[in-house]
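Trainee: Sharing a structure, written as structure tokens. Questions coming.
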Amino acid sequence: MFLEHPQFESPRRGWVEVICGSMFSGKTEELIRRLKRARIAKMKVEIFKPKLDKRYDETNVVSHDSNFIHSTPVESSSQILVLAKDVEVVGVDEAQFFDDGLADVCQALANRGIRVIAAGLDMDYLGKPFGPLPQLLAIAEYVTKVHAICMRCGNLAYLSHRTVDNSSRIMLGEQESYIPLCRKCYNEVTK
């Protein structure tokens, strides 16, 4: 017999998955893959991305390999709770750009019995934990860290190195502004 705890709204089992790593590591590609598989399984899926990310498309989540899936751009994590009605799976792309409330939103969704899959950079260009990702990593049942290839030596990349002169923590860019580097090469470049 299922005894529902008061904090849960659904007898379905929800959980939080996080896909993290540097730029060009395939985070969004993996997110899209998991969401498309959920749709193949006839699950109700909703995807969200931060409104500020318009690099490839205003609404679609688009990978560097040009794979895409329709999403809903939102200003804040609290909007996800309002918009994620009658769904079984919620995807969140570019999680590092959301506010600090994202972890609580993901917890609330999982407590409703929703599978939550969030993808984002775990570190900024200085190698510091980025946005709400540390909190998401702490609460997630499943964590997948993906790696790019270091553009200097070919080893597994550790972080996204900014190649242009800009000290703003948030700077949207692609290959013209960032390269993935391993720890050794990053330390050599930033001496």
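Trainee: Could you identify the single residue in Tyr56, Tyr158 that is buried (at least 18 other Cβ atoms within 10 Å of the Cβ) and either of a type in the set (Ser, Thr, Tyr) or at pLDDT below 95 (or both)?
Mentor: Just one listed residue meets the conditions, Tyr158.
Trainee: Return the only residue of Tyr142, Tyr186 being surrounded by 14 or more Cβ atoms within 10 Å (Cβ to Cβ) and aromatic (Phe, Trp, Tyr).
Mentor: Answer to the selection: Tyr186.
Trainee: Could you list, in sequence order, the residues of the range 92-150 that are small (Gly, Ala, Ser), within 24 Å of Arg33 (Cβ to Cβ) and touching a helix residue (DSSP H, G or I) at 6+ places or on another chain (Cβ under 7 Å)?
Mentor: Of everything in the range 92-150, those that are small (Gly, Ala, Ser), within 24 Å of Arg33 (Cβ to Cβ) and touching a helix residue (DSSP H, G or I) at 6+ places or on another chain (Cβ under 7 Å) turn out to be Ala95, Ala103, Ala118, Ala119, Gly120, Gly131.
Trainee: Which of the following residues is assigned to a strand (DSSP E or B) and at pLDDT 95 or above: Ala110, Ala119?
Mentor: The unique qualifying residue is Ala119.
Trainee: Counting just the residues of the range 134-171 that are of a type outside the set (A, V, I, L, M, F, W, C) and assigned to a helix (DSSP H, G or I), which one comes out nearest to Val189 (Cα to Cα)?
Mentor: Pro134
Trainee: Suppose we keep only residues that are farther than 19 Å from Gly120 by Cβ and in a loop (DSSP other than H, G, I, E, B) within the range 172-191. Which one would you say is modelled with the highest pLDDT?
Mentor: The extreme case among them is Cys182.
Trainee: Output the number of residues of the range 73-91 satisfying the condition of being surrounded by 15 or more Cβ atoms within 10 Å (Cβ to Cβ), among the β-branched types (Val, Ile, Thr) and farther than 20 Å from Arg39 by Cα.
Mentor: Number of matching residues: 1.
Trainee: Restricting to the range 39-49, count the residues that are of a type in the set (A, V, I, L, M) and crowded, with 18+ Cβ neighbours inside 10 Å.
Mentor: Looking only at that region, the number is 2.
Trainee: Restricting to the range 81-98, count the residues that are touching a residue at least 40 places away in the same chain (Cβ under 8 Å) and in a helix (DSSP H, G or I).
Mentor: Qualifying residue count, the range 81-98: 2.
Trainee: Could you check the range 30-54 and list, in sequence order, the residues that are over 13 Å from Ser71 (Cβ atoms) and outside any helix (DSSP H, G or I)?
Mentor: Of everything in the range 30-54, those that are over 13 Å from Ser71 (Cβ atoms) and outside any helix (DSSP H, G or I) turn out to be Ala41, Lys42, Met43, Lys44, Leu52.
The values are calculated or read from the model by the stated rules, or taken from the named source; none is laboratory data. Given the structure is predicted, the values throughout are model-derived calculations rather than measurements. Every residue, glycine among them, receives a Cβ derived from its backbone with ideal geometry; neighbour counts consider all protein chains shown.
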